[in-house]
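Here the structure is laid out as structure tokens; the discussion comes afterwards.
What follows draws every value from the coordinates through simple rules; no lab data is involved. Owing to the predicted nature of the structure, the values given are computational and were not obtained by experimental measurement. A quick note on method: Cβ atoms are made from the backbone with ideal geometry, for glycine too, and the neighbour counts reach across all protein chains shown.
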Amino acid sequence: MNYLQSGQALLTPNFYWGPYQTLCEEHERTLDTFRMFTEAGTLDVAALDAKLTEHLAKQGRALIFLNDPCNNPTGYSMTRGEWKQVVEVLLKHADKPVTLLVDMAYWLYAGDGDPRAFLAELVPLLGKTGLLFAWSGSKSYTHYGLRVGALLACVADDKDRNATQAALAYACRGTWSNCVRGGLVAVTKLLTDANLKNACDSERAKFKQLLQSRVKAFNAAATPKGLKYPRYEGGFFVTVFHPEAEAQAEKMKSKGVYVVPQKGALRVALCSASEADVPRLVDALAS
Ligand SMILES: Cc1ncc(COP(=O)(O)O)c(C=O)c1O
């Protein structure tokens, strides 16, 4: 929130993790959205461009949150081509202070391939726009209770980097204080001790495999039933579009199937549904 002034708005897609709104409210900022998907189900980069233009005209600066890969709540992971287009849009506006925050909480749970690959597309932003990464130690290291995370700011100049660090440290102390020391020690060990790192990697790989089998089962059942949802290749959640989301969620509840209704859609947590339950879940969504 340090990248916006009081009363200014954060920009994020219209499907976003609810606490972004809370973060804004708690810091006297507001939240504004751009349409996430085109009719063809791809990232609506033109909508981002239009809103970014608006934000810069109105507030002279912009802060954009993109949660990728495995966006919560939609499950969508952007393609390399979409990242390239986003970067082109940001560079078009780089004469003004634009900052992109990539919320990469789920980056190690995306489908196949190198989870770092998309970073190559972001390189042209260095030195041109602000570039931040929100990283979750809890999710990356399957340690939910440890409350370890980090904001990585890409700042090339030593003086600017020190100033950024000082400003963020000050803001952290005034909000949630500091990371849990035990958690920091544990995550440091997992990063630096090869044996522990390998053990943790294989533990995470098993969880990811479990999740992937649910994702596969969901896609296999949902497509023939005609459910409408974004391309879903991995991640904890998926969002199924539904015109009567509230009513449908209530109907599903009466069958013992629980989903979270939002505007025009239902969030489904595959992370908490077993593979065996997926057909019942899909039937309830489709009925
Ligand atoms: C999109 C997104 N970002 C960030 C977080 C925060 O992750 P944590 O507090 O577990 O590190 C979550 C947690 O659910 C999330 O869904």
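Structure notes:
- Diagonalising the gyration tensor over the Cα atoms of region 52-143 and scaling each eigenvalue by 5 before taking the square root yields semi-axes of 25, 14, 12 Å, largest first.
- Of all segments of the chain bounded by GluC sites (Glu not before Pro) found in a DSSP loop with no more than 12 other C-beta atoms within 10 Å, the longest spans 40-243.
- Over the residues of the chain, the helix contribution to mean residue ellipticity at 222 nm works out to -13000 deg cm²/dmol, using -39500 (n - 2.57) for each DSSP H run of at least 4.
- Cβ-based charge dipole, the chain, positive-most Cα from 235, 213, 117: 213
- Binning all Cα-Cα separations of the chain at 5 Å, short to long from zero, yields these whole-percent fractions: 1, 5, 11, 15, 17, 17, 15, 11, 7, 3, 1, 0.
- Taking only the C-alpha atoms of region 176-240, Rg followed by Dmax gives 17.7, 50 Å.
- From phi via Karplus (6.51, -1.76, 1.60), per-residue ³J(HN,Hα) for region 220-234 in Hz, x at Gly/Pro: 5, 8, 6, 4, x, 7, x, 5, 9, 7, x, 3, 10, 10, x
- Estimated vicinal HN-Hα couplings, Hz - region 273-287 in sequence order (Karplus 6.51, -1.76, 1.60; Gly, Pro = x): 10, 6, 4, 5, 8, 4, x, 5, 4, 5, 4, 5, 5, 8, 8
- If you take the Cα centroid of region 219-287 and the Cα centroid of region 56-105, the two points sit 27 Å apart.
- Shown here is the pair-distance distribution of region 151-287: with all Cα-Cα distances grouped in 10 Å bins from zero up to the longest one, the shares run 10, 27, 19, 23, 18, 3 percent.
- Neighbour-limited loop hits for chymotrypsin sites (Phe, Trp or Tyr not before Pro), region 144-215 (at most 16 other Cβ within 10 Å; DSSP other than H, G, I, E, B): 176
- Binned Cα-Cα distance frequencies in region 220-287 - 5 Å width, integer %: 4, 18, 32, 31, 14, 2
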